[in-house]
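Computed from the coordinates by the stated procedures, all read-outs in this text should not be read as laboratory data. Computed from a predicted structure; not experimentally measured.
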Amino acid sequence: MNAAIDNVYAIILAAGASSRMGSPKQLLEWCNRSLLEHTVVNAQAILNERIIVVLGAHAESIQTTVDLGGVTSIVNPDWQEGMASSIRAGVRALPESASAALILLCDQPLINAAHMQNLLNNWQNAPTRIVASQYHHSVGVPALFPSDFFEHLLSLRGDQGAKPVLMRFENSLLKIPLPEAELDIDSAGDFDRLTGHYSVDE
């Protein structure tokens, strides 16, 4: 079976306070774009306008700095609860027609459109399975969840993100090696590592 991607949506999580960074990491500039813009542009290359950006802390400064005109942006009022609340907000914002959701973080800058397309291609060939990224002896996001798993995403709590659902349904996982997902930007040191060693490849 080859599932169509016409009803696949991306949920980009960009609601965090960036407390370890000291400034909004969503707006850190790398290769002439903010980290959030990198994620949005790459997702648009695959899914066009079917993108939901979940904001929270720093929502106003992000909205005035980043062009989100071509996507749907929402503000999660419960962002302080943790990442799970932003996943729930993103899932609730999906249209009923959504067949799957690709969950993305704005702080994994090495993830490009080709990586996202690879996850989608694998899901098209196995549309009942969760397609997750495998890196550093673990699995995580970017990950694509078929609609049958939306209710489980809506039950998430705390700051663990989607990992509990991935662990609960490990037998339903299709794991795709994606070492680029290992680098996420949580601190100034992480960002220095990014700017010192990597160039953008979209």
Of the candidate values [x] 12.2; [y] 11.1; [z] 10.3, the one computed for mean projected area of the Cα convex hull in nm² from this structure is [z]
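By the gyration tensor of its Cα atoms, with a ≥ b ≥ c the square roots of the eigenvalues, what is the shape of the range 89-187: rounded for a/c under 1.5, prolate for a/b over b/c, or oblate?
Verdict is rounded for the range 89-187.
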Residues meeting the amide H criterion for ASN7 (H placed from the backbone, H to H distance under 5 Å, 5 or more places apart or on another chain) are SER99
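Can you give the extra length, in nm with one decimal, that the chain gains between THR128 and ASN171 once fully stretched, where that is 0.36 nm per residue apart less the Cα-Cα distance?
Working: separation 43, 0.36 × 43 = 15.48 nm, distance 1.15 nm.
Extra length available between THR128 and ASN171 comes to 14.3 nm.
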Note on the chain, DSSP bridge orientation, antiparallel percent to nearest 5 equals 35
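Can you tell me how the range 15-80 classifies by the Cα gyration tensor, rounded, prolate or oblate, using a/c under 1.5 as the rounded cut? All intermediate terms of the calculation are to be shown ahead of the outcome.
On the way: a/c = 2.06, a/b = 1.27, b/c = 1.62.
Oblate.
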